Amino acid sequence: MTADSQPEPSPAQDGEHVLEGPVLKALAHPLRVQLLQVLSQYGPQTASSIGKRVGESSGATSYHLRQLARHGLVREITDRGSGRERWWERTRGALTINAPTKQDPAVREAVRQVSRTFERGRAELLATFMESDLSAMPPEWAEAPMISTFNAHFTADQLEAFTRDMETVLREKLETYRSDPKTPGARPVQLHFNAFPLIDTQEPT
């Protein structure tokens, strides 16, 4: 299950981060997930600037950024900033939560916490967009987004094959269309793709 992706490529930090074991447990803190999301959405930040975005002190964000760096999820930009101002960025690569069917209870709980926090952040961003005044946006930005839902019946094998195919296509297209953050007119954009079996609470399991 892909949880997030890095918007600002860095050739020195390529690859995919598979979240499991100690790394997953270290991430099972709502603020740490928030820090990753902000760095993914808005690019490099200082502890102070990211603290303003999440409503926390720079001391708290600095501590949690260092913990994330210990597990290779973020890194300090050593050639940027001055004095006590330290800049941080997400390391390149998608975050994939490894959730095997058999795992110890602590890992299962970590998977639930991390997944819920990521999804809560995505839902809040979508809700903010849906509630915004589109007439205040430039016309090209108001007309470009698309919120869509598709329904289908799949077998488990079909669902797995479909999600893998779609992930391949999405990653390929993402690299084709991705802009450098410094490109004139570029702004942060978040892409959602969900595919999951519906749970009918009115029917027996």
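The values are calculated or read from the model by the stated rules, or taken from the named source; none is laboratory data. Only a predicted model underlies this, so the values are computations on that prediction, with no experimental measurement involved. Please note: Cβ atoms are built from the backbone with ideal geometry, for glycine as well, and neighbour counts cover all protein chains shown. We work out accessible area using only protein heavy atoms, side chains counted, and drop any ligands, DNA or RNA first. Shrake-Rupley method; radii C 1.70, N 1.55, O 1.52, S 1.80 Å.
Things to note:
- Scan of the stretch 148-163 for residues that are more than 14 Å from L198 (Cβ to Cβ) and either polar (S, T, N, Q) or modelled with pLDDT under 90 (or both), ordered by number: S148, T155, Q158, T163
- Residue in the stretch 131-158 that is farthest from R187 (Cα to Cα), counting only those that are small (G, A, S) and not in a helix (DSSP H, G or I): A152
- Residues located in the stretch 23-47, provided they are aliphatic (A, V, I, L, M) and at pLDDT 90 or above: L31, V33, L35, L36, V38, L39, A47
Residues are listed down the side, and each one gets a yes or a no for (1) in contact (Cβ under 8 Å) with a residue 12 or more places away in the chain; (2) open to solvent by 60 Å² or more (accessible area, probe 1.4 Å):
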| site | (1), (2) |
| --- | --- |
| R92 | yes, no |
| F118 | yes, no |
| S132 | no, no |
| A136 | no, yes |
| T149 | no, yes |
| D165 | no, yes |
| L170 | yes, yes |
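- Residue count, the stretch 23-58 (criterion: among the small types (G, A, S) and open to solvent by less than 50 Å² (accessible area, probe 1.4 Å)): 7
- Looking only at the stretch 21-56, residues that are under 17 Å from the mean Cα position of the chain (by Cα) and assigned to a loop (DSSP other than H, G, I, E, B) come to 4 in all.
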